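Report on the structure given below.
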Amino acid sequence: MASPCFKPHLEKRETKTENRKPLSGLLVLVLVVLGGYGCGSQGPVAVFCSPDSPRMRQAIQGLKAGLGNCPVEVVCVPEFGPDANDRLRLLRRRHPRLLVVLGTPALMQVAPVEKHIPVVFALVGDPYFTGAAYFPDHPEDHQENLTGIATPAPLTAAFKQGCGLLGAGAWGLLYDPNDGVAAGLAQEFAEKAPGYGIKPVVETSASAGDDGPALERLLAQGARVIYLPPAASAARYAPQLLDWGRRLKVMVVSGYPEGDHQGALLQVALDYRKLGEEAGALALRVLKGEAPKKIPIVEMAPLKVQVDETLLRRWSGYPPPKN
């Protein structure tokens, strides 16, 4: 059977303020209704997010742009702990008209306790895992006060783009088993890679001191490409791996959205500002009166795809394995 590799391409998935002068009858009623669902003087939209990071800040910038003139109050907390619970409790006591939840840890805290305030979530890879929604095959079936955007990590897109650009062969992945995002990606990596003619080679490391030897083991097992995952623990070894990429020791395909990408031959990362804008647009629908229970969860993965043409030309003398 022919490999599903193909040539790379860029994938795309794609108020009124209440008038306080005395008015009469129907006009007053219309203005009150519009004011209730608009942004005007109804108080800020509450944002509960976790954890804080450059990608989260990009998403919040996009969210503010998507909400237009709606005021926004942001509460960003560590992933878990009493401080996060206390700050969420205080936020809920103020009864915001809408709660935007950004990040899987934040949704895992909100979904079990908030059943009344309208909630819009984003930056969540698998909402079904969090309990906010129930069956992946039925995105319309979810907690009634809640809707949102599911955004899986761009691993499949990395396989498609990388397979077309670099050919098939052995791809390596290093992950920290104590990092839940990284561990989930490693499982997906091992399961999906063979479908693209790629042999998955996986190593683990639980500390910075073990990262270097684990990367060397990937090379010793024949990995010509190493995938840099969009997981927090990958920040530990990203500088070393990207240095190897610059020195042509290995080809690097990066899904990591932050920092310096020099050394990655191919970057396929999520566009977090665009995700924030999409969350803002969805939040506006709820503010204007749509019931969250009637809005199915939608999957979106806007991408930033970039090829380092200089590295590609340098690697042309060292072709990767072909099928």
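The values are calculated or read from the model by the stated rules, or taken from the named source; none is laboratory data. Bear in mind that the values here come from a model prediction, so they are computed numbers and not experimental data. Heads up, the Cβs are rebuilt from the backbone with ideal geometry, glycines too, and the neighbour counts pull from every protein chain shown.
Scanning the range 114-130 for residues that are surrounded by fewer than 17 Cβ atoms within 10 Å (Cβ to Cβ) and outside any loop (DSSP other than H, G, I, E, B) gives a single hit, Phe129.
Within the range 231-252, if we keep just the residues that are within 18 Å of the chain's Cα centre (by Cα) and surrounded by fewer than 24 Cβ atoms within 10 Å (Cβ to Cβ), the residue that is nearest to Pro302 (Cα to Cα) turns out to be Ala231. The listed residues are Ala150, Ala183, and the only one of them that is within 19 Å of the chain's Cα centre (by Cα) and at pLDDT 95 or above turns out to be Ala150.
Between Asp210, Asp260, the distinction of being modelled with pLDDT under 95, surrounded by fewer than 18 Cβ atoms within 10 Å (Cβ to Cβ) and over 27 Å from Glu299 (Cα atoms) belongs to Asp260 only.
Flag not set for Ser233, criterion: at pLDDT 95 or above and hydroxyl-bearing (Ser, Thr, Tyr).
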